[in-house]
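Any read-out appearing in this document is the output of simple, stated calculations on the displayed coordinates, not a laboratory observation. A quick note: this is a predicted structure, and the numbers were derived from the prediction, not measured. Note: ideal-geometry Cβ built from the backbone for every residue, glycine included; neighbour counts use all protein chains shown.
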């Protein structure tokens, strides 16, 4: 099987955005030298802010990984700008678009078969960043499962200890494991990948990954 790679839609156009913003900023500076009085104009100040935001956006796009999803004979990898995680094909049951209270979430959900196998290769730095980035996902899932707002507030507290049947975890990895456990209760899935990261139709992506998984496990992949 040849490696399949998916590039995030949000990472495209970085060079173009950075170049256009740089040109716009240079023109702004040139006009400022020719007509110093424009600095007192609100419109020109707003234009400067737009140029700076464009530069920041272009730089952010360029610092994103070239490919975010990688599929090969061994398994499924998610590449984040703070690290990567990998799951062998036998390490998860399936992926799909999670639903909460009948509404689809803007994520691809992964249902693991073993927490230990995944947690042992997870980097603490990546775990912390994913928890911060996806905290709104937890809040949204809790809100939709508790329409009256009666959910216990301690569900949002990150616990620094976690134990499976065979191992104990502490620190960031334990907090991430606890988060996975809670999200599985709320959504049925453990790991989440933003739909914006796959750069293709979510439903087609899920079907493709699930199909490749079965083919690799049955040694029928081509």
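Below are the figures for this structure:
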{"read-out": "Residue 73-residue 19 FRET efficiency (beta carbon distance; Förster radius 41 Å; 0.05 resolution)", "value": "0.60"}
{"read-out": "Segment 82-217: projected area of the alpha-carbon convex hull, averaged over directions, in nm²", "value": "8.6"}
{"read-out": "Point-to-point label distance, residue 104-residue 28, nm (Cα→Cβ direction, 7 Å offset)", "value": "3.8"}
{"read-out": "Ranked list, fewest to most other Cβ atoms within 10 Å of each Cβ, for 40, 81", "value": "40, 81"}
{"read-out": "FRET efficiency estimate (nearest 0.05) - Cβ-Cβ, residue 52 to residue 120, R0 45 angstrom", "value": "0.60"}
{"read-out": "Cβ-Cβ FRET estimate between residue 203 and residue 166, R0 fixed at 25 Å, reported to 0.05", "value": "0.10"}
{"read-out": "Label point distance in nm, residue 211-residue 4, each placed 7 Å from Cα along Cα→Cβ", "value": "0.7"}
{"read-out": "Inter-probe distance in nm under a simple model that places probes 7 Å from Cα toward Cβ, at residue 196 and residue 135", "value": "1.8"}
